[in-house]
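The next block holds one structure in the form of structure tokens; read it before the comments.
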Amino acid sequence: MGVRLVLLRHGESEWNLANRFTGWTDVALSQGGIQEAHRAGHLLRAAGYVFDEAHTSVLKRAIQTLWIAMEELDMMWLPVFRSWRLNERHYGALQGLNKKETAQEFGKDQVHRWRRSYDVRPPSLALDDERHPRFDPRYSSLDPWELPASESLKDTLDRVLPYWHEAVVPGLKRGRRLLISAHGNSLRALVKYLDNISDEEIPTLNIPTGFPLVYELGDDLEPVSKTYLGAHDAAQVAAQAVADQAALGR
């Protein structure tokens, strides 16, 4: 018998709204993002979904989205596991910068490579930069070599996969129904792995905010099917996001 896995990208954050690179910066949901999280929970509840456990990052926008969705599901009691390995991709020295202004300074093509290429990293943070994760107490238990100063999507996949194999797969193998609330790039990395998407195809993949992505997995944990709840709206949002990125260097 197969199992079900639901991936949920957090709702719009305050820095999404301000068009700023966010990465590991701990930014809250915007009012629009809060509504997107409620919508996600409503879609899950209306479709009759229930879960046995949930996983999220250590960044508040993903945690808030999960809380709101669980409240909509009337499942606030679910055990929740948090890990830095589910964090957003680290955008290095770009974090906090306005995306449009950055494109004007460095050129749309360069910014597009930083944002969408599979194995290209943005400029790294200096070790003494106050934005470096070594100054954040939530990462104090990690070895310094584990803390990124910048990441490509490939790097993000490399840190997500150990969590997938060590924390997620055992639950799925026991038939547990899992909800993962995370970020655009940590989820893109996971979808790349699950769907065996090529390095050349992955730049065009966008995961819209606030629309649950439902996987039905076989006994071997290979995808049998996947669908977005609210599929028509989700497809429109994803297509528009890719078009905007191409046009604006975002």
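The values are calculated or read from the model by the stated rules, or taken from the named source; none is laboratory data. Remember, it's a predicted structure, so these values are computed and weren't measured experimentally. Virtual Cβ from ideal backbone geometry, glycine too; neighbours counted across all protein chains shown. Just the protein is used for accessible areas: all its heavy atoms, side chains included, with ligands, DNA and RNA removed. Shrake-Rupley method; radii C 1.70, N 1.55, O 1.52, S 1.80 Å.
Tabulated values for the structure
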{"item": "By accessible area with a 1.4 Å probe, ligands and nucleic acids excluded, highest first: order of 9, 113", "result": "113, 9"}
{"item": "Mean Cβ count within 10 Å, highest first, over the residues of peptides 16-28, 56-68, 87-99", "result": "56-68, 87-99, 16-28"}
{"item": "Lys, Arg +1 and Asp, Glu -1 on Cβ, resulting dipole of region 1-115 about Cα centre, debye, nearest 20", "result": "400 debye"}
{"item": "Counting DSSP beta bridges with both ends in the chain, the antiparallel % (nearest 5)", "result": "50 percent"}
{"item": "Average accessible area per residue (Å²) across the chain - probe 1.4 Å, nucleic acids and ligands excluded", "result": "46 Å²"}
{"item": "Cβ-based charge dipole, the chain, positive-most Cα from 29, 183, 137", "result": "29"}
{"item": "Accessible carbon and sulfur surface of region 61-159 relative to its total accessible area, %, 1.4 Å", "result": "49 percent"}
{"item": "Rel. contact order, % - alpha carbon contacts under 8 angstrom, at least six apart, the chain", "result": "31 percent"}
{"item": "Of 51, 149, 114, farthest towards positive along the dipole that unit charges on Lys, Arg, Asp, Glu beta carbons give the chain", "result": "51"}
{"item": "Nearest-20 debye value, the chain charge dipole, Cβ charges on Lys, Arg, Asp, Glu", "result": "220 debye"}
{"item": "Total charge dipole magnitude, region 94-228, about the Cα centre, Cβ charges on Lys, Arg, Asp, Glu only, Debye to nearest 20", "result": "460 debye"}
{"item": "Which labelled figure in (i) 18.1; (ii) 12.8; (iii) 12.0 is mean projected area of the Cα convex hull in nm², once derived from the coordinates", "result": "(ii)"}
